[in-house]
Amino acid sequence: MSTTTVNVTGMTCGHCVEAVKSELSTLPGVQSVEIDLVKGGLSATTITSEGALDPASVNDAVAEAGYSVASSDS
């Protein structure tokens, strides 16, 4: 099993969380998605999958739900 954590921006409610979970769950190998909602902030999103996930696929799935992954560049 592999765990990937990204910060998703723009979520404000339970509906937002469900939309992102739904899109991420369609990625091949994804077993579970957990989101720690921070309204209007960076919501930590942890994805457990059978193997490593392609970061572009994760970003695309989040974008399909209407949100974006915060850059990890500091």
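Each reported figure results from applying straightforward, stated rules to the coordinates on display, with no laboratory input. The shown structure was predicted, so the numbers you read here are calculated from the model rather than taken from an experiment. Neighbour counts run over all protein chains shown; Cβ positions are idealised from the backbone, glycine included.
Looking only at segment 27-74, residues that are polar (S, T, N, Q) and under 17 Å from M1 (Cα atoms) come to 6 in all. Are any residues in segment 36-58 hydrophobic (A, V, I, L, M, F, W, C) and within 19 Å of C16 (Cα to Cα), and if so, which ones? L37, V38, L42, A44, I47, V58 - these are the residues of segment 36-58 that are hydrophobic (A, V, I, L, M, F, W, C) and within 19 Å of C16 (Cα to Cα).
When T45, T26 are checked against the criterion of being of a type in the set (S, T, Y), in contact with a strand residue (DSSP E or B) (Cβ under 6 Å, 6 or more places away or on another chain) and touching a residue at least 12 places away in the same chain (Cβ under 8 Å), a single residue qualifies: T45.
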